[in-house]
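Below is one structure, written out as structure tokens, with a few remarks after it.
The values are calculated or read from the model by the stated rules, or taken from the named source; none is laboratory data. Computed from a prediction, not measured in an experiment: that's the story for all the values here. All Cβ positions, glycine included, derive from the backbone under ideal geometry; neighbour counts span all protein chains shown. Only protein heavy atoms, including side chains, enter the accessible area calculation; ligands, DNA and RNA are left aside. Shrake-Rupley method; radii C 1.70, N 1.55, O 1.52, S 1.80 Å.
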Amino acid sequence: KQYYKWNDLKEDGTPANNWASGNGGFSISNPSAKLDEYPTISIEDGYDGKAVRLMTKATGPIAQAMNMRMAAGNLFLGEFVTESALTNPLQSTHFGLPFDKKPVKFTGYYKYRPGEAFMDKYGNVEAGRIDEASVYAILYKNHDAAGNPVVLYGDNVQTSEQIVAKAILAEVRPTDEW
């Protein structure tokens, strides 16, 4: 199954395998999806060249039967573990890579339009609730006090005691301009 993946290149020109998305899980939940129907895809009309489009998409029958009806577009440094995507999706996102620099700033460009309807996990539209985007960078200690490796997941990426710094865009305003 083919879907978009992103990589920085190492100095020798080989892929660093450092970027991830939930596209692997979506391919399991919606095996008939075409490349441009995935939640995270490449587009041509970015701010300066290409961009990544993140959209919330309906999953396929298998995931919907398990009350996982929607898949949010996402792109992050780390790894997405497809083997647990349908059984424990929040644990499938393994956020982070070793980083030994002191960041000065976190910058980027976005366009954002909320989805037409907000649905709960059962597929019911929740009147009055509006879709919200989330843009953030998290730096955390990747070993605990005993020296054991630590990975942040979808359920603790913003709450873990291992976090040492956060950069969170407080409000992602809807806009059709970069």
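Checked across region 88-104, the condition of being hydroxyl-bearing (Ser, Thr, Tyr), at pLDDT 90 or above and open to solvent by less than 30 Å² (accessible area, probe 1.4 Å) holds for at least one residue. The requirement of being under 20 Å from residue 133 (Cα atoms) and open to solvent by 100 Å² or more (accessible area, probe 1.4 Å) is not satisfied by residue 34. Here the condition is being more than 25 Å from residue 78 (Cβ to Cβ) and of a type in the set (Gly, Ala, Ser); of 146, 137, 127, it holds for 127 alone. In region 89-178, counting only strands (runs of 3 or more DSSP E) that sit wholly within it, the ones holding 3 or more residues that are in contact with a strand residue (DSSP E or B) (Cβ under 8 Å, 6 or more places away or on another chain) and closer than 19 Å to residue 40 by Cα span 93-95. Flag: residue 83 matches the condition of being open to solvent by 60 Å² or more (accessible area, probe 1.4 Å), assigned to a helix (DSSP H, G or I) and out of contact with any strand residue (DSSP E or B) (no Cβ under 9 Å at 6 or more places or on another chain).
Once region 113-163 is narrowed to residues that are of a type in the set (Phe, Trp, Tyr) and within 26 Å of residue 63 (Cα to Cα), the residue that is modelled with the highest pLDDT is 153.
Looking only at region 1-20, filter to residues that are in contact (Cβ under 8 Å) with a residue 24 or more places away in the chain and either open to solvent by less than 60 Å² (accessible area, probe 1.4 Å) or touching a Leu at 6+ places or on another chain (Cβ under 9 Å) (or both); which one of those is farthest from residue 36 (Cα to Cα)? Top of the filtered list is 18. From the list 172, 125, 157, 135, which residue is more than 19 Å from the chain's Cα centre (by Cα) and not acidic (Asp, Glu)? On inspection, the qualifying residue turns out to be 125. In this structure, is residue 107 of a type in the set (S, T, N, Q), at negative phi, free of Cβ contacts under 8 Å to residues at least 60 places away in the same chain and loosely packed, with under 11 Cβ neighbours inside 10 Å? Criteria met by residue 107.
One residue is enough: does region 36-47 have a residue meeting the conditions at pLDDT 95 or above, in a loop (DSSP other than H, G, I, E, B) and closer than 27 Å to residue 123 by Cβ? Looking through region 36-47, at least one residue is at pLDDT 95 or above, in a loop (DSSP other than H, G, I, E, B) and closer than 27 Å to residue 123 by Cβ.
If you check residue 62 against the conditions, is it at pLDDT below 95 and under 19 Å from residue 119 (Cα atoms)? First the steps, then the outcome.
On the way: at pLDDT below 95: yes; under 19 Å from residue 119 (Cα atoms): yes.
Answer is yes for this residue.
So, residue 118, is that one free of Cβ contacts under 8 Å to residues at least 24 places away in the same chain, surrounded by 13 or more Cβ atoms within 10 Å (Cβ to Cβ) and not charged (D, E, K, R) or not? So residue 118 passes the test.
Every listed requirement among (1) open to solvent by less than 50 Å² (accessible area, probe 1.4 Å); (2) more than 11 Å from the chain's Cα centre (by Cα) is met by residue 23 save one, (2). Residues of region 121-178 that are farther than 17 Å from residue 96 by Cβ, among the β-branched types (Val, Ile, Thr) and open to solvent by less than 60 Å² (accessible area, probe 1.4 Å): 172, 175.
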